[in-house]
Amino acid sequence: METYEFEGKTGEDAILAACSRLNLPREELDIEIIEPGSAGIFGLVGGRKAKIRVTVIQKTFEPTVEETEIPVAVDVPVTPEQHESTDTEEEFTAVGESGVAIAKEALENILALIPMEDTVVTAIQQDGTINLTIEGDKSGLLIGRKGRTLDALQFIVNKIVNKSLEKRARVLVDSENYRDRRKDFLLQMALKMGDKAKRIHKPVATNLLNPHDRRIVHLALRDDEELSTKGRGEGILKKVVIIPKKYTTSKSEKKDA
(Lines give C-alpha, C1' and ligand atoms only; values in the text may rest on other atoms or scores of the structure.)
Protein backbone atom coordinates (compact mmCIF):
# COMPACT_ATOMS: atom_id res chain seq x y z
CA MET A 1 0.00 0.00 0.00
CA GLU A 2 1.23 3.49 -0.85
CA THR A 3 1.69 5.93 2.03
CA TYR A 4 1.96 9.73 1.87
CA GLU A 5 2.43 12.56 4.36
CA PHE A 6 0.68 15.96 4.24
CA GLU A 7 0.75 19.11 6.34
CA GLY A 8 -1.82 21.85 6.92
CA LYS A 9 -2.74 24.66 9.23
CA THR A 10 -5.16 22.26 10.91
CA GLY A 11 -5.77 18.53 10.68
CA GLU A 12 -8.82 19.15 8.52
CA ASP A 13 -6.75 21.31 6.12
CA ALA A 14 -4.17 18.54 5.84
CA ILE A 15 -6.90 15.99 5.09
CA LEU A 16 -8.41 18.23 2.41
CA ALA A 17 -4.96 18.66 0.88
CA ALA A 18 -4.50 14.87 0.79
CA CYS A 19 -7.90 14.34 -0.87
CA SER A 20 -7.13 17.05 -3.45
CA ARG A 21 -3.59 15.85 -4.22
CA LEU A 22 -4.55 12.16 -4.47
CA ASN A 23 -7.89 12.89 -6.17
CA LEU A 24 -9.66 10.51 -3.80
CA PRO A 25 -12.59 10.91 -1.39
CA ARG A 26 -11.90 10.84 2.33
CA GLU A 27 -13.64 7.45 2.67
CA GLU A 28 -10.93 5.81 0.52
CA LEU A 29 -8.07 7.02 2.71
CA ASP A 30 -6.73 5.59 5.96
CA ILE A 31 -5.73 8.75 7.82
CA GLU A 32 -3.29 8.80 10.73
CA ILE A 33 -2.74 12.11 12.50
CA ILE A 34 0.99 12.30 13.24
CA GLU A 35 0.91 15.84 14.65
CA PRO A 36 -2.51 17.41 15.19
CA GLY A 37 -0.94 20.80 15.82
CA SER A 38 -1.37 20.70 19.55
CA ALA A 39 0.14 19.38 22.75
CA GLY A 40 -2.67 19.18 25.32
CA ILE A 41 -5.29 16.64 26.24
CA PHE A 42 -5.89 14.14 23.42
CA GLY A 43 -3.14 15.98 21.50
CA LEU A 44 -5.48 18.59 20.05
CA VAL A 45 -4.23 21.86 21.55
CA GLY A 46 -1.44 24.13 20.30
CA GLY A 47 -0.17 26.21 17.42
CA ARG A 48 2.06 23.83 15.46
CA LYS A 49 1.16 22.71 11.96
CA ALA A 50 -0.87 19.55 11.68
CA LYS A 51 0.78 16.59 9.97
CA ILE A 52 -0.97 13.42 8.77
CA ARG A 53 0.05 10.12 7.21
CA VAL A 54 -2.31 8.83 4.54
CA THR A 55 -2.61 5.32 3.16
CA VAL A 56 -4.81 4.57 0.16
CA ILE A 57 -7.31 1.88 1.13
CA GLN A 58 -7.29 -1.16 -1.11
CA LYS A 59 -10.56 -1.23 -3.00
CA THR A 60 -10.83 -5.01 -2.71
CA PHE A 61 -12.75 -4.71 0.56
CA GLU A 62 -14.50 -1.39 -0.13
CA PRO A 63 -14.73 -0.39 3.54
CA THR A 64 -16.83 2.65 4.40
CA VAL A 65 -14.73 3.86 7.31
CA GLU A 66 -11.07 4.41 8.08
CA GLU A 67 -10.44 0.80 9.07
CA THR A 68 -8.74 -1.47 6.58
CA GLU A 69 -7.93 -4.40 8.84
CA ILE A 70 -9.99 -7.40 7.74
CA PRO A 71 -9.72 -10.20 10.31
CA VAL A 72 -8.81 -13.44 8.55
CA ALA A 73 -7.55 -15.71 11.31
CA VAL A 74 -8.62 -19.29 10.62
CA ASP A 75 -8.50 -22.71 12.23
CA VAL A 76 -8.95 -21.19 15.68
CA PRO A 77 -8.80 -23.69 18.55
CA VAL A 78 -12.14 -23.60 20.33
CA THR A 79 -12.47 -24.84 23.88
CA PRO A 80 -15.25 -24.05 26.39
CA GLU A 81 -12.93 -22.37 28.88
CA GLN A 82 -11.92 -19.77 26.29
CA HIS A 83 -15.41 -18.43 25.81
CA GLU A 84 -17.18 -15.50 27.34
CA SER A 85 -20.83 -14.62 26.81
CA THR A 86 -21.92 -13.49 23.35
CA ASP A 87 -22.05 -9.84 24.53
CA THR A 88 -25.71 -9.64 23.50
CA GLU A 89 -27.05 -10.41 26.96
CA GLU A 90 -25.53 -7.43 28.78
CA GLU A 91 -28.15 -5.66 30.84
CA PHE A 92 -28.21 -1.87 30.91
CA THR A 93 -30.57 0.35 32.86
CA ALA A 94 -32.54 3.08 31.14
CA VAL A 95 -31.96 6.40 32.87
CA GLY A 96 -34.13 9.48 33.12
CA GLU A 97 -33.46 13.02 32.00
CA SER A 98 -31.04 13.52 34.88
CA GLY A 99 -28.85 10.68 33.57
CA VAL A 100 -28.83 12.15 30.08
CA ALA A 101 -27.90 15.55 31.53
CA ILE A 102 -25.03 14.04 33.54
CA ALA A 103 -23.64 12.33 30.43
CA LYS A 104 -23.92 15.50 28.34
CA GLU A 105 -22.28 17.65 31.00
CA ALA A 106 -19.45 15.13 31.49
CA LEU A 107 -18.59 15.17 27.78
CA GLU A 108 -18.87 18.95 27.58
CA ASN A 109 -16.50 19.33 30.54
CA ILE A 110 -13.93 17.11 28.83
CA LEU A 111 -14.26 18.97 25.54
CA ALA A 112 -13.87 22.27 27.39
CA LEU A 113 -10.25 21.26 28.00
CA ILE A 114 -9.83 21.10 24.22
CA PRO A 115 -10.43 24.65 22.95
CA MET A 116 -12.13 23.78 19.67
CA GLU A 117 -14.42 26.51 18.40
CA ASP A 118 -18.11 25.97 17.63
CA THR A 119 -18.27 22.46 19.07
CA VAL A 120 -21.70 21.44 20.37
CA VAL A 121 -22.87 18.27 22.14
CA THR A 122 -26.40 17.01 21.56
CA ALA A 123 -27.91 14.28 23.74
CA ILE A 124 -30.85 11.92 23.32
CA GLN A 125 -31.88 8.65 24.94
CA GLN A 126 -33.09 5.94 22.59
CA ASP A 127 -33.88 2.32 23.45
CA GLY A 128 -32.19 2.75 26.83
CA THR A 129 -28.96 4.11 25.32
CA ILE A 130 -27.71 7.65 25.85
CA ASN A 131 -26.49 8.91 22.48
CA LEU A 132 -24.11 11.88 22.59
CA THR A 133 -23.17 13.52 19.30
CA ILE A 134 -20.32 16.00 18.92
CA GLU A 135 -21.05 18.53 16.19
CA GLY A 136 -18.75 21.18 14.77
CA ASP A 137 -16.61 22.10 11.77
CA LYS A 138 -13.58 20.25 13.14
CA SER A 139 -15.27 17.61 15.26
CA GLY A 140 -13.85 14.93 12.96
CA LEU A 141 -10.48 15.38 14.67
CA LEU A 142 -12.02 13.86 17.80
CA ILE A 143 -12.60 10.54 16.02
CA GLY A 144 -8.93 9.61 15.95
CA ARG A 145 -7.27 6.72 14.16
CA LYS A 146 -9.75 3.87 13.88
CA GLY A 147 -12.07 5.72 16.25
CA ARG A 148 -9.74 5.36 19.22
CA THR A 149 -10.09 8.94 20.50
CA LEU A 150 -13.87 8.66 20.25
CA ASP A 151 -13.73 5.34 22.12
CA ALA A 152 -11.57 6.95 24.84
CA LEU A 153 -14.08 9.76 25.29
CA GLN A 154 -16.92 7.23 25.41
CA PHE A 155 -15.12 5.08 27.99
CA ILE A 156 -14.53 8.05 30.31
CA VAL A 157 -18.11 9.33 30.02
CA ASN A 158 -19.51 5.84 30.70
CA LYS A 159 -17.40 5.59 33.86
CA ILE A 160 -18.59 9.00 35.06
CA VAL A 161 -22.26 8.25 34.38
CA ASN A 162 -22.25 4.78 35.91
CA LYS A 163 -20.50 6.04 39.05
CA SER A 164 -22.80 9.07 39.39
CA LEU A 165 -26.02 7.09 38.91
CA GLU A 166 -24.79 3.88 40.55
CA LYS A 167 -26.44 2.10 37.63
CA ARG A 168 -25.14 0.28 34.58
CA ALA A 169 -26.04 2.63 31.75
CA ARG A 170 -24.86 2.60 28.13
CA VAL A 171 -23.48 5.80 26.62
CA LEU A 172 -22.44 6.08 22.97
CA VAL A 173 -20.34 9.02 21.78
CA ASP A 174 -20.42 9.84 18.07
CA SER A 175 -19.11 12.44 15.64
CA GLU A 176 -19.64 12.90 11.90
CA ASN A 177 -21.84 9.78 11.78
CA TYR A 178 -18.79 7.61 12.49
CA ARG A 179 -20.68 4.98 14.49
CA ASP A 180 -23.11 4.25 11.65
CA ARG A 181 -20.26 3.97 9.15
CA ARG A 182 -18.39 1.72 11.55
CA LYS A 183 -21.51 -0.42 12.02
CA ASP A 184 -21.89 -0.85 8.24
CA PHE A 185 -18.26 -1.94 8.03
CA LEU A 186 -18.65 -4.47 10.85
CA LEU A 187 -21.84 -5.92 9.37
CA GLN A 188 -20.15 -6.46 6.01
CA MET A 189 -17.10 -7.94 7.72
CA ALA A 190 -19.21 -10.31 9.86
CA LEU A 191 -21.16 -11.63 6.87
CA LYS A 192 -17.98 -12.20 4.85
CA MET A 193 -16.28 -13.98 7.74
CA GLY A 194 -19.40 -16.05 8.37
CA ASP A 195 -19.43 -17.17 4.74
CA LYS A 196 -15.74 -18.07 5.00
CA ALA A 197 -16.26 -20.11 8.18
CA LYS A 198 -19.02 -22.10 6.46
CA ARG A 199 -16.92 -22.54 3.33
CA ILE A 200 -13.78 -23.86 5.04
CA HIS A 201 -15.69 -25.61 7.89
CA LYS A 202 -13.39 -24.07 10.49
CA PRO A 203 -13.75 -21.25 13.04
CA VAL A 204 -12.48 -17.79 12.14
CA ALA A 205 -11.73 -14.96 14.55
CA THR A 206 -11.93 -11.20 14.33
CA ASN A 207 -9.29 -8.78 15.52
CA LEU A 208 -9.66 -7.37 19.03
CA LEU A 209 -12.91 -5.41 19.32
CA ASN A 210 -14.53 -3.29 22.01
CA PRO A 211 -17.84 -4.49 23.58
CA HIS A 212 -20.03 -2.33 21.33
CA ASP A 213 -18.37 -3.61 18.14
CA ARG A 214 -18.46 -7.24 19.33
CA ARG A 215 -22.18 -6.93 19.97
CA ILE A 216 -22.72 -5.79 16.36
CA VAL A 217 -20.87 -8.87 15.06
CA HIS A 218 -22.82 -11.24 17.34
CA LEU A 219 -26.18 -9.74 16.31
CA ALA A 220 -25.26 -9.79 12.63
CA LEU A 221 -24.87 -13.58 12.72
CA ARG A 222 -27.38 -14.47 15.46
CA ASP A 223 -30.07 -15.68 13.05
CA ASP A 224 -27.71 -17.78 10.92
CA GLU A 225 -28.58 -21.37 11.85
CA GLU A 226 -25.28 -22.62 10.44
CA LEU A 227 -23.12 -20.49 12.73
CA SER A 228 -22.54 -19.68 16.38
CA THR A 229 -20.40 -16.90 17.84
CA LYS A 230 -18.42 -16.63 21.04
CA GLY A 231 -16.30 -13.90 22.58
CA ARG A 232 -12.75 -14.88 23.54
CA GLY A 233 -10.13 -13.12 25.59
CA GLU A 234 -9.75 -11.01 28.69
CA GLY A 235 -10.21 -7.32 29.38
CA ILE A 236 -12.25 -4.79 27.43
CA LEU A 237 -10.88 -5.72 24.00
CA LYS A 238 -11.70 -9.27 22.91
CA LYS A 239 -12.05 -11.30 19.73
CA VAL A 240 -15.23 -12.80 18.33
CA VAL A 241 -14.87 -16.41 17.19
CA ILE A 242 -17.29 -17.43 14.44
CA ILE A 243 -17.90 -21.18 14.55
CA PRO A 244 -19.65 -23.24 11.86
CA LYS A 245 -22.14 -25.73 13.35
CA LYS A 246 -20.73 -28.51 11.14
CA TYR A 247 -17.36 -27.97 12.82
CA THR A 248 -18.75 -28.46 16.32
CA THR A 249 -20.75 -31.50 15.21
CA SER A 250 -17.76 -33.17 13.57
CA LYS A 251 -15.62 -32.50 16.66
CA SER A 252 -18.22 -34.17 18.87
CA GLU A 253 -18.48 -37.17 16.57
CA LYS A 254 -14.70 -37.65 16.60
CA LYS A 255 -14.66 -37.39 20.40
CA ASP A 256 -17.39 -40.03 20.73
CA ALA A 257 -15.75 -42.37 18.24
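Remarks
- Segment Asp118-Lys245, length gained on full extension (0.36 nm per residue, minus Cα span): 40.5 nm
- The residues Lys138, Lys9, Lys159, sorted by heavy-atom accessible surface at 1.4 Å with ligands and nucleic acids left out, run Lys9, Lys159, Lys138 from largest to smallest.
- Inter-label distance for Lys49 and Leu208, nm, one decimal - labels placed 7 Å from Cα along Cα-to-Cβ: 3.4 nm
- Set of lysines with alpha-carbon distance to Lys167 below 30 Å, sequence-local pairs under 8 removed: Lys104, Lys146, Lys159, Lys183, Lys230, Lys238, Lys239
The values are calculated or read from the model by the stated rules, or taken from the named source; none is laboratory data. Computed from a predicted structure; not experimentally measured. Cβ sites come from the backbone with ideal geometry, for glycine too, and all protein chains shown count toward neighbours. Just so you know, the surface numbers come from the protein's heavy atoms only, side chains and all, with ligands and any DNA or RNA stripped out. Shrake-Rupley method; radii C 1.70, N 1.55, O 1.52, S 1.80 Å.
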